[in-house]
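The values are calculated or read from the model by the stated rules, or taken from the named source; none is laboratory data. The structure presented is a predicted model; accordingly, all values stated were derived computationally and were not measured. Here the Cβ positions follow ideal geometry from the backbone for every residue, glycine too, while neighbour counts run over all protein chains shown. Protein only, heavy atoms only, side chains kept; ligands, DNA and RNA dropped before computing areas. Shrake-Rupley method; radii C 1.70, N 1.55, O 1.52, S 1.80 Å.
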Amino acid sequence: MTNETLVNAQQWFISMGYDAQIDYDSIYLYLDGFSVQLSNGEIEARAEQYLNELNRD
């Protein structure tokens with residue numbers, strides 16, 4: 001997982017109003033006092049979605 005992918009996915013989650021933090025090679029969402037580690041597939045999908053939304057603007 002590249003750092004660029006992690007950052008792009010994190011930015012997508014932040015833009016949707018989530019508290020998303022990068023920790024090593026993963027992203028954790030903080031929801032109602034719990035942390036949830038995202039799968040690599042979810043991270044890659046959200047990073048791609050973030051780039052697609054940037055290119056649309």
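Given the convex hull over the Cα atoms of the chain, what projected area results after averaging over all orientations, in nm²?
Projected over every direction and averaged, the Cα hull of the chain covers 3.7 nm².
Please report, as a whole percent, how much of the solvent-accessible surface of the chain comes from carbon and sulfur atoms (probe radius 1.4 Å).
45
Among residues other than Val36 whose Cβ falls under 14 Å from its Cβ, what is the net charge (Lys/Arg +1, Asp/Glu -1)?
Residues near Val36 contribute -3 overall.
For the chain, with only Lys/Arg (+1) and Asp/Glu (-1) charged at the beta-carbon, what is the dipole magnitude about the Cα centre, in debye rounded to 20?
Dipole size: approximately 80 debye.
Give the relative contact order (percent, whole number) for the chain; include only Cα pairs under 8 Å separated by 6+ residues.
Value for the chain: 38 percent.
What nm value, rounded to one decimal, do you get for the distance between Asp19 and Asn40 when each label is placed 7 Å out toward the C-beta?
Label at Asp19, label at Asn40, 2.9 nm between them.
Could you give each residue of the range 14-19 its phi-based ³J(HN,Hα) in whole Hz, using Karplus coefficients 6.51, -1.76, 1.60 with θ = phi - 60°, and x for Gly or Pro?
4, 5, 8, x, 9, 8
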